[in-house]
1. Short version: ³J(HN,Hα) in whole Hz for each residue of the range 41-48, in order, from phi by Karplus 6.51 cos²θ - 1.76 cosθ + 1.60 (θ = phi - 60°), x for Gly and Pro, what are they?
2. Could you work out the equivalent-ellipsoid semi-axes for the range 2-114, taking the square root of 5 times each eigenvalue of the Cα gyration tensor, largest first, in whole Å?
3. Among 34, 60, 247, which one shows the highest mean-square fluctuation when the chain is modelled as a Gaussian network with alpha-carbon springs under 10 Å?
4. Which option, [x] 98, 51, 41; [y] 67, 48, 42; [z] 54, 51, 44, is the value of Cα extents along the principal axes in Å that was calculated from these coordinates?
5. Using just the helices of the chain, give the 222 nm mean residue ellipticity in deg cm²/dmol: DSSP H runs with n ≥ 4 each add -39,500 (n - 2.57), and the total is spread over all residues, rounded to 500.
6. So what J values fall out for the range 243-260 if you push phi through Karplus, 6.51 cos²θ - 1.76 cosθ + 1.60 with θ = phi - 60°, rounded to Hz, Gly and Pro as x?
7. Take every Cα pair under 8 Å in the range 123-281 that's 6+ residues apart, average their separations, divide by the length, and report that relative contact order as a whole percent.
8. For residue 248, enumerate residues with amide H under 5 Å from its amide H, sequence gap 5+ or separate chain, H modeled in the peptide plane.
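Read the figures in this text as sums done on the coordinates, not as results from a lab. In this text the structure is predicted, and so the values were computed from the model without any measurement. FYI the Cβ positions are ideal-geometry reconstructions off the backbone, even for glycines, and counts take in every protein chain you see.
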Amino acid sequence: MIRIAVAGLGKMGISHLGMIRPHPDVELVAVCDTTGYMLDVLAKYTGMKTFTDYQTMLDTARLDALIIATPSKIHVAMVEAALAKGIHVFCEKPLTLSGSDAVRLTALAKDKGVVCQVGYHNRFVGTFREVKRLIDAGAIGKVDHVLAEAYGPVVLKPKGSTWRTQRSEGGGCLYDYAAHPLNLVNWYFGMPAAVGGSALPKIFSRDTDDAVYGTLFFESGMTGTVSVNWSDESYRKMSTKITITGTAGRIYADRQEIQVYARDAQLLPEGYRQGWNVRYITELTDEVYFYIRGEEYSAQLDYFVRRIQQPSLEPINDFASAAMTDQLIDAIIADAAAGPGVAAGSAPMAQPAAKRGLWQRITNAG
């Protein structure tokens, strides 16, 4: 049995606790949070050890693995402390608020030889996994463009500051929403060579962005468009979408279905035909050991456990892949701060030095 603890009992922490506790190969031995009444309830009805001090839990609970679901600002210190003790770590996204911190944690985890994973759950959604399979198979030829979108009704009126609505604490649309489609783009196509035209507008929030727009440029000549807005009440809940255009077809996917238009039947894997194809999440989803809010959430935790048991398993979303997304977020922030490079209606002007440097940095990221 793998001895696991959960740090942080907010929305995601409670969800992770509920999903990991029934796992047949896991013993949930401890939880840590600063909210006394939550710890009192868990101690009374589960008997597990509760802690208000994180380091004390690491020192006394004899842990094999840890799930971190705390505000993003404190991820780095908590991950470092766990890695120092050789504890396997599952950390909620984003891994860090700094690409350089993410790269450093990646190196530390590799040095310690531990399993590490970040909670980008869309990599465990059947439709988005099918996109990966089709792209790797070359089913739509050479990819020209990817559109990465996410919309939802999170911030619909001016409100007071919370950790989610302060960029320094780890919130905002960029970190909370845009990170998901950006991570899918990284999974499918790797790191862009450059970003441009980035905008982080405020709609209702005072301290951070409510939308994210921009362009991604890849060495292959492929481009990407990012369009994300968490102040959009036309959506009932968060909706992440990917649209990919290639020389031999087009792929659209969200959590519910994948639509594939193919020009060349010879490029297609078995089960697809020339013209339109539609497959639904119900036919692309494997059964999980326990279901609460979506199979993908249980599936990602199960994969974390199985990688601890079988270290040779391919990492699906380790620290290295999450660091790529953190570096891309850094580039978008810097690009938005640099402002536009060409005045509308004027002759083209040289790219500002700040942007030229940014492009070089993202090209060399990693």
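1. Computed from phi, the couplings for the range 41-48 are 5, 5, 5, 5, 9, 10, x, 6 Hz.
2. Result for the range 2-114: semi-axes of 23, 15, 12 Å.
3. Sorting by GNM fluctuation, first place goes to 60.
4. Evaluating Cα extents along the principal axes in Å on these atoms matches [y].
5. The helix contribution divided over the chain gives -10500 deg cm²/dmol.
6. Running phi through 6.51 cos²θ - 1.76 cosθ + 1.60 with θ = phi - 60° gives 10, 10, 10, x, 5, 10, x, 8, 10, 10, 8, 10, 5, 8, 7, 10, 10, 10 Hz.
7. Across the range 123-281, relative contact order equals 33 percent.
8. Hits under the 5 Å cutoff: 141, 142.
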